[in-house]
């Protein structure tokens with residue numbers, strides 16, 4: 001692989017989830033490709049690649065800053081995703097708070113538990129394996145798309161149903 005190119009695949013590992021009893025055997029692996037490239041800043045090439053001139057001042061600013069930091073910039077290629085809405089974010093965190101009160105644990109721990117469980121239903125996560133162990137890191141809620149937050153919300157209701165908890169819904 002060429003220097004400076006890092007290709008990440010947020011590939012879900014079924015074995016770790018199966019090991020914790022969080023995933024039915026045979027569940028498909030969600031894949032979200034992303035390319036993260038560090039390249040030498042070339043102002044003219046960057047401007048030619050942009051379809052809109054409105055970004056040219058930003059390209060100039062980035063190239064000027066890059067000159068003082070070794071001349072390199074970072075370019076990220078990823079699939080577009082719609083940002084989550086504020087009501088979805090509030091609903092997810094309210095549901096997590098209710099679940100954490102029921103289990104008498106911290107909201108942060110409950111949020112992590114919900115995100116790990118949601119990985120079995122298509123919520124993106126990164127995995128790392130060293131030959132003996134696997135680690136899983138679900139995507140941050142702050143960077144989640146509307147569809148991904150919907151997966152988290154559905155997972156909260158699924159967990160509540162498993163535990164026999166009736167989640168209160170606020171009227172808006």
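The values are calculated or read from the model by the stated rules, or taken from the named source; none is laboratory data. Given the structure is predicted, the values throughout are model-derived calculations rather than measurements. For neighbour counting, all protein chains shown are included, and Cβ atoms are generated from backbone atoms with ideal geometry for every residue, glycine included.
For this structure, a couple of remarks:
- Selection count, the range 118-132, where residues are touching a helix residue (DSSP H, G or I) at 6+ places or on another chain (Cβ under 9 Å), surrounded by fewer than 17 Cβ atoms within 10 Å (Cβ to Cβ) and at pLDDT below 90: 1
- Those residues of the range 86-115 which are in contact with a helix residue (DSSP H, G or I) (Cβ under 6 Å, 6 or more places away or on another chain) and without any contact (Cβ under 8 Å) to a residue 60 or more places away in the chain, in sequence order: 97, 100, 107, 110, 111, 114
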